[in-house]
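Below you'll find the structure, written out as structure tokens, and then a few comments.
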Amino acid sequence: MLLEISLLAGLVMLLLALFSGYSLGWANKTFHVEVDPKIAQVNHVLPGANCGGCGYIGCADYASAIVLQGVSVTKCPVGGESCAKKIADIMGVEVKQSWPYRPVIHCAAKYPDRLKRIPYAGEATCIAANLVSGIQGCVYGCLGYGDCVAVCKYDAIHIVDGLSVVDYEKCIGCGACAKICPRNIITMVPFKMENIVAIACSNKDFMNDVKSVCNVGCIGCKACERLSPIFKVANNLPSIDYNQYDPGVSYQAVVDKCPRETIIYVGKPSQKDKDAVSKEEVPKPVEAQFKTTVDSTEWRG
């Protein structure tokens, strides 16, 4: 009797295994979705950093968008031009001229330059500090609590005397710092050269108001606009049309003319620059001490 029960149990298990195998095989054929092999090829070429700098969740998502939606092959800031060319070969398209995007800090005021500052003992993050009225006279400038430092995976941005400073030799252009800044003073700019001209201010107030809160803020004098067509002043603040930015043109005259030294060159340092600061100690980045739900709050100051 025991033997018969064992044989019956074995037979039932065998039938269940056969049924399961058949069901899985049927489901595999019925619900199978054809995947374009180019997606795997493109994903293999991408660097796998999954930094989100392309605007997609990760490399696999970007690869799918290239193949299925015809998205530009030049969006990967890590892979750069060589990666774009390899993807273009896979897709059978031509690569249009493009430049790597890197962050620019639109503020030049270090702690000594900021007037009307008040003591702050709250959470040491920019997002939290930005909710406090009057923490510093300028409501546009860098707060200096290092939210951008905390999100950078490449140690490419640091706080120096209260001001965010980008290390362009380490920066890969993922854009994380620009996304986290509560005052939106970090923007991604096409670097047509290793060193480009940038506006190091975000203050849109009138001259006297700017001078009352900052020693280096732009006063809207329009000298830059008169010297070069790529500069346009609106709301008392200049901007640069990087579509018209010509790598073959020198903008040194504009830089020299700026009375507040708000127009500066940013980018990778030359060997001369490196030698000049070779003996200086690199300051440690400022890090947040703790987190609360305010860290995910969206705020425009």
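Please enumerate the residues belonging to the range 105-152 that are touching a Pro at 6+ places or on another chain (Cβ under 7 Å) and within 20 Å of residue 263 (Cα to Cα).
none
Given the criterion open to solvent by 20 Å² or more (accessible area, probe 1.4 Å) and over 26 Å from residue 126 (Cα atoms), identify the matching residue among 167, 241. Walk me through it before giving the result.
Values: 167 fails: over 26 Å from residue 126 (Cα atoms).
Being open to solvent by 20 Å² or more (accessible area, probe 1.4 Å) and over 26 Å from residue 126 (Cα atoms) holds for just one of 167, 241, which is 241.
For residue 190, only one of the following conditions fails: (1) in contact with a strand residue (DSSP E or B) (Cβ under 6 Å, 6 or more places away or on another chain); (2) surrounded by 20 or more Cβ atoms within 10 Å (Cβ to Cβ). What is its number?
So residue 190 meets the others, but not (2).
Pick from 121, 108: which is open to solvent by less than 70 Å² (accessible area, probe 1.4 Å) and of a type in the set (Gly, Ala, Ser)?
108
With the structure loaded, tell me whether residue 117 is without any contact (Cβ under 8 Å) to a residue 40 or more places away in the chain and among the basic types (Lys, Arg) or whether it fails that test.
The answer is yes for residue 117.
For residues that are under 18 Å from residue 153 (Cα atoms) and among the β-branched types (Val, Ile, Thr), scanning just the range 51-95, find the one that is surrounded by the fewest Cβ atoms within 10 Å (Cβ to Cβ).
Restricting to residues being under 18 Å from residue 153 (Cα atoms) and among the β-branched types (Val, Ile, Thr), the top hit is 57.
Which of (1) open to solvent by 10 Å² or more (accessible area, probe 1.4 Å); (2) in contact with a Phe, Trp or Tyr (Cβ under 9 Å, 6 or more places away or on another chain) does residue 144 not meet, given it meets every other one?
Status for residue 144: all satisfied but (1).
Select from the range 205-231 the residues that are surrounded by 14 or more Cβ atoms within 10 Å (Cβ to Cβ) and either at positive phi or outside any helix (DSSP H, G or I) (or both) and list them in ascending order.
Correct list: 205, 214, 215, 216, 217, 218, 219, 220, 221, 228, 230, 231.
Among the residues of the range 227-246, what is the count of those that are under 26 Å from residue 208 (Cα atoms) and polar (S, T, N, Q)?
Residues that pass the stated criteria total 4.
Can we say residue 211 is touching a residue at least 12 places away in the same chain (Cβ under 8 Å) and among the charged types (D, E, K, R)?
No.
Being part of a helix (DSSP H, G or I) and in contact with a helix residue (DSSP H, G or I) (Cβ under 9 Å, 6 or more places away or on another chain) is the filter; apply it to the range 244-254 and report the residue that is least open to solvent (accessible area, probe 1.4 Å).
Going through the qualifying residues, I end up with 254.
For the range 129-202, which fully contained strands (runs of 3 or more DSSP E) count at least 1 residues that are more than 11 Å from the chain's Cα centre (by Cα) and more than 17 Å from residue 102 (Cα to Cα)?
157-160, 163-166
The values are calculated or read from the model by the stated rules, or taken from the named source; none is laboratory data. Everything numeric here is computed off the predicted structure, so don't read it as measured data. Every residue, glycine as well, gets a Cβ built from its backbone with ideal geometry; the counts of neighbours run over all protein chains shown. Note: accessible area is taken over every heavy atom of the protein model, side chains too, but ligands, DNA and RNA are not part of it. Shrake-Rupley method; radii C 1.70, N 1.55, O 1.52, S 1.80 Å.
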